[in-house]
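Peer 1: The structure is given below, and queries will be raised subsequently.
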Amino acid sequence: MVMTADETLQILVVEDDEDTAEVVTTLLRDAGFEAFAVDEGRVALDEISAAQPDLVLLDINLPDINGLEVLRTVRANSFLPMIVLSGFGKERDRVLALEAGADDYMSKPFSPEELIARVRALLRRVEWTPKPETKLTVRRLELDMPRRQAQIN
């Protein structure tokens with residue numbers, strides 16, 4: 001299992017094609033990750049909020065909302081590592097995804113070994129990056145930035 005000091009790393013796969021989702025989650029599990037899949041953008045946003053995965057593999061072409069919108073929504077308040085795994089392989093598609101907030105982009109069909117290598121590389125980079133201050137306390141006021149909550153006392 002791929003673990004941090006105290007837990008297995010979780011990867012959310014957002015993919016509407018059931019066969020592709022199964023292949024990708026199996027690859028990730030075989031590589032030692034805990035992987036789970038969802039097939040819609042709105043469900044992905046809910047899972048990101050609730051489960052707080054360590055990384056997201058995201059398809060662009062989703063049945064409810066576009067994957068680029070999922071990227072923009074997540075990036076509005078999170079540095080969650082995200083790799084786009086899409087059937088769109090043109091340069092413009094890659095540029096749009098990277099500009100929307102993707103950390104990396106892979107076109108389908110993909111090499112299983114390369115996918116796992118890119119996941120590991122991105123997770124290493126995130127592990128080495130200092131964590132931003134997530135809570136700010138001023139006198140009796142405490143601000144929790146990721147949750148967008150404030151508490152007094």
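Peer 1: Using a Gaussian network model on the chain with a 10 Å cutoff between Cα atoms, which of 73, 137, 26 fluctuates the most?
Peer 2: 137
Peer 1: Stretch residue 95-residue 65 to full length: gain in nm at 0.36 nm per residue minus the Cα-Cα span? It would help to have the intermediate numbers written out before the result.
Peer 2: On the way: separation 30, 0.36 × 30 = 10.80 nm, distance 1.91 nm.
Full extension from residue 95 to residue 65 adds 8.9 nm.
Peer 1: Also, quick follow-up: Quick check: at a probe of 1.4 Å, how many percent of the accessible area of the range 24-153 sits on carbon and sulfur atoms? Walk me through the numbers before you get to the answer.
Peer 2: On the way: 4000 of 7990 Å².
Summing carbon and sulfur atoms, their accessible area is 50 percent of the total for the range 24-153.
Peer 1: Apply the Karplus curve 6.51 cos²θ - 1.76 cosθ + 1.60, θ = phi - 60°, to the phi angles in the range 72-81 and return the couplings in whole Hz, x for Gly and Pro.
Peer 2: Calculated HN-Hα couplings, in order: 4, 5, 5, 5, 4, 8, 7, 9, 3, x Hz.
Peer 1: Ignoring ligands, DNA and RNA, what accessible area per residue does the chain give at 1.4 Å, in Å²?
Peer 2: Details: 9420 Å² over 153 residues.
The answer is 62 Å² per residue.
Peer 1: For residue 26 and residue 152 in the same chain, what is the full-extension length gain: residue separation times 0.36 nm, less their Cα-Cα distance, in nm? Intermediate values should be presented prior to the final figure.
Peer 2: On the way: separation 126, 0.36 × 126 = 45.36 nm, distance 4.55 nm.
Extra length from residue 26 to residue 152 when fully extended: 40.8 nm.
Peer 1: Quick one: if you stick a label point 7 Å off each Cα along the C-beta vector at residue 140 and residue 76, how many nm between them?
Peer 2: Result: 3.3 nm between the two label points.
Peer 1: Sorted by packing (mean other beta-carbon atoms within 10 Å per residue), highest first, where do 55-63, 34-42 land? Could you put the intermediate results ahead of the total?
Peer 2: Values: 55-63: 21.4, 34-42: 18.8.
Descending mean neighbour count gives 55-63, 34-42.
The values are calculated or read from the model by the stated rules, or taken from the named source; none is laboratory data. All values reported here derive from a predicted model rather than from experimental measurement. Using ideal geometry, Cβ is built from the backbone for each residue, glycine included, and neighbour counts are taken over all protein chains shown. Accessible surface is based on the protein model in full, side chains and every heavy atom, while ligands, DNA and RNA are left aside. Shrake-Rupley method; radii C 1.70, N 1.55, O 1.52, S 1.80 Å.
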